[in-house]
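A.B. asks: Please see the structure below; I have some questions.
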Amino acid sequence: MSDAPTVETRQERKDRTRRAILDAALDLLADTSFGALSLRQLTKTVGIVPTAFYRHFATLDELGLALVDESFVSLRTVLADVRRGDLEPATLIDSSVAVLAEHLAADLPHFRFICRERYGGVAAVSEAIRHELELFERELARDLARMPQLTAWGARDLGLLAGLLVNLMVAAAGEFVSADDARTRNRITDMLRDQAKMAVIGAAGWQPLDG
């Protein structure tokens, strides 16, 4: 077995530096808004010169968009996987809320950033977050349509219910990432679960608008 050191390729170095920039940005954004993020401070934290930043991101806004994408891509995937299983409402809600809480707890910096910047001052970033939430709603509405209880519902009704559930999720996520202890986070998770079940139970009595 050779004891020769592993030589890092140029692409590996580039990927490592890009990752370091993203991680440093999340660390700095714990105490400031994205609009106030300083390129000089960011690159100093990473240990690179400011001009080196532009080898990885064309602008600071592009960095923000990358953070938005990282925050949502895995969460949307796992929640979609949950909805491919048992469509019994109580089971589906329990599973979805558990997955959401697990992701929030495992990646607090990303979701603190999302909750803070949803209505933030950088238009490109807040628009990207809005777009991701719209994707959530559309995907959820499509899966709700497969529930036996909702087969008579049209697109407008399904969109209303999906929007209500996503709004509950976003509100709970904001409280969750701001909480400082596990007990409070558990209480928020339990409340979200109950609110979602209440919404779905109430939906059973809804007269479709465009069925």
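The values are calculated or read from the model by the stated rules, or taken from the named source; none is laboratory data. Keep in mind that what you see is a predicted model, and the values were worked out from it rather than measured. Note: ideal-geometry Cβ built from the backbone for every residue, glycine included; neighbour counts use all protein chains shown.
A.B. asks: Can you report the number of residues in segment 146-205 which are more than 15 Å from ALA105 (Cα to Cα) and small (Gly, Ala, Ser)?
C.D. replies: The number of residues fulfilling the criteria is 13.
Per-residue answers, yes or no, for (1) surrounded by 15 or more Cβ atoms within 10 Å (Cβ to Cβ); (2) farther than 24 Å from SER33 by Cβ; (3) not charged (D, E, K, R); (4) not assigned by TED's automatic domain parsing to the domain that holds GLU70:
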site	(1), (2), (3), (4)
SER96	yes, yes, yes, no
ALA101	yes, yes, yes, no
ILE114	yes, no, yes, no
GLU127	no, no, no, no
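A.B. asks: Does LEU39 satisfy the condition of being touching a residue at least 12 places away in the same chain (Cβ under 8 Å) and over 30 Å from LEU140 (Cβ atoms)?
C.D. replies: Criteria met by LEU39.
A.B. asks: Look through LEU108, LEU92 and report the one residue that is surrounded by 13 or more Cβ atoms within 10 Å (Cβ to Cβ), assigned by TED's automatic domain parsing to the domain that holds PRO148, without any contact (Cβ under 8 Å) to a residue 24 or more places away in the chain and at negative phi.
C.D. replies: So the residue among LEU108, LEU92 that is surrounded by 13 or more Cβ atoms within 10 Å (Cβ to Cβ), assigned by TED's automatic domain parsing to the domain that holds PRO148, without any contact (Cβ under 8 Å) to a residue 24 or more places away in the chain and at negative phi is LEU92.
A.B. asks: Against the condition modelled with pLDDT of 95 or more, surrounded by fewer than 17 Cβ atoms within 10 Å (Cβ to Cβ) and of a type in the set (Lys, Arg), how does ARG40 come out, does it pass?
C.D. replies: It is true that ARG40 is modelled with pLDDT of 95 or more, surrounded by fewer than 17 Cβ atoms within 10 Å (Cβ to Cβ) and of a type in the set (Lys, Arg).
A.B. asks: Cβ contacts < 9 Å: first residue of a type in the set (A, V, I, L, M, F, W, C), restricted to segment 175-192; second residue not in a helix (DSSP H, G or I), any location; separation 6+ or different chain. Result?
C.D. replies: ILE188/ALA179
A.B. asks: In segment 177-191, what residues are crowded, with 17+ Cβ neighbours inside 10 Å and either touching a strand residue (DSSP E or B) at 6+ places or on another chain (Cβ under 6 Å) or at pLDDT 95 or above (or both)?
C.D. replies: Matches in segment 177-191: ARG185, ILE188, THR189.
A.B. asks: Would you check if ARG112 is farther than 19 Å from ALA171 by Cα, in a helix (DSSP H, G or I) and basic (Lys, Arg)?
C.D. replies: no
A.B. asks: ARG84: surrounded by fewer than 18 Cβ atoms within 10 Å (Cβ to Cβ) and either within 22 Å of LEU165 (Cα to Cα) or modelled with pLDDT under 90 (or both), yes or no?
C.D. replies: Against the criterion (surrounded by fewer than 18 Cβ atoms within 10 Å (Cβ to Cβ) and either within 22 Å of LEU165 (Cα to Cα) or modelled with pLDDT under 90 (or both)), ARG84 qualifies.
A.B. asks: Continuing with this model, one more query. Here are some residues: VAL177, VAL125, VAL166. Which one is in contact with a Lys or Arg (Cβ under 6 Å, 6 or more places away or on another chain) and either in a helix (DSSP H, G or I) or farther than 30 Å from LEU26 by Cβ (or both)?
C.D. replies: Result: VAL177 is the single residue among VAL177, VAL125, VAL166 that is in contact with a Lys or Arg (Cβ under 6 Å, 6 or more places away or on another chain) and either in a helix (DSSP H, G or I) or farther than 30 Å from LEU26 by Cβ (or both).
A.B. asks: Could I ask something else about it? Please go through segment 1-37 and give me each residue that is among the β-branched types (Val, Ile, Thr) and either under 19 Å from ILE114 (Cβ atoms) or exposed (fewer than 13 other Cβ atoms within 10 Å of the Cβ) (or both), ordered by number.
C.D. replies: THR6, VAL7, THR9, ILE21, THR32
A.B. asks: Can you find even one residue in segment 143-150 that is outside the structural domain of THR32 (by TED's automatic domain parsing) and at pLDDT 90 or above?
C.D. replies: No, that holds for no residue.
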